[in-house]
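Reading through the structure tokens given below for one structure.
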Amino acid sequence: MLVLNNVSKFYQKNAVLNDVTYHFDCLKYCIVGPNGIGKTTLLMLAAGLEDLNCGDIVFNDESVYLTETKRHLGISSDKIKLPDFLTAQQLLDFHCSQHNCPFPIILIDRLGFRAQLATQISALSLGSLKKISLLLALAHEPKCLLLDEPTTGLDNNSREWLLDFLHQYQGQVIVTSHETIFTENTHYKLVEFEQLNKFSETI
């Protein structure tokens, strides 16, 4: 499980996260909070993709900054810049080679992405960028999924499939979203990321 211990993150002199401690001890979470409060930054830190200023983040008692731990994490976020000179297939091939996992053709078909495989990342629509971001997060079957607004920009069929897929997913799932398909979903523990970066649980 994911644990944050006294986590702080500063950009220049501005504190985005300030002494955040939280134990994600359930399987499914939905994090809500105002725009700009630091939800996306939190996921990037939890995936080991940004450096901390203070504190530590661990998954199953191992630092998320260790290479081996990162193999157990999957993240989808618009904040991650993808190499736009590659085609979608080339990027997925590279990802699968890094994680020693099979090419995710079943997931590709479920998301209706097969026709976009030969397209360069730079030419993908916003909806297709969301899909490849999700494919990169899901392909290696990580033990923890960190999904930033995962349904934004998806067509209805893809949204319905993704929600069902996540419902059945065996690992930990942490999403940020204001959509009712998550916030009113009783399978997800709803937590609010408040001002001063404190978590409060919603009953």
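Please treat every number below as a calculation from the coordinates, not as lab data. Worth saying up front: this structure is predicted, and the values here are computed from it rather than measured. Positions of Cβ are generated from backbone atoms using ideal geometry, with glycine treated the same way; all protein chains shown enter the neighbour counts.
Compute log10 of I(q)/I(0) for the chain with the Debye formula, placing one identical point scatterer on every Cα and leaving out solvent, at q = 0.11, 0.13, 0.14 Å⁻¹, to two decimals. Taken in order of the listed q values, log10 I(q)/I(0) reads -0.50, -0.70, -0.82. For the chain, a Gaussian network of Cα nodes joined below 10 Å ranks Ala137, Ala88, Ala118 by mean-square fluctuation, and the top entry is Ala118.
Based on Cβ point charges of +1 for Lys and Arg and -1 for Asp and Glu, what charge dipole magnitude is obtained for the chain about its Cα centre, in debye rounded to the nearest 20?
Values: 16 positive and 23 negative charges, 65 e Å.
Charge dipole of the chain: 320 debye, to the nearest 20.
Computed from Cα positions, the angle between helix 156-168 and the longest principal axis of the chain comes to roughly 60 degrees. Ranking Ile105, Ile57, Gly74 by how far each Cα lies toward the positive end of the dipole of the stretch 48-105 (charges on Cβ) leaves Ile105 at the top. Bridging of Lys70 to lysines at a Cα separation below 27 Å is possible for Lys9, Lys28, Lys39, Lys79, Lys81, Lys130, Lys131, Lys143, Lys189, Lys198, once same-chain residues fewer than 8 apart are set aside. The separation of the stretch 95-165 from the stretch 1-58, counted between C-alpha centres, amounts to 24 Å.
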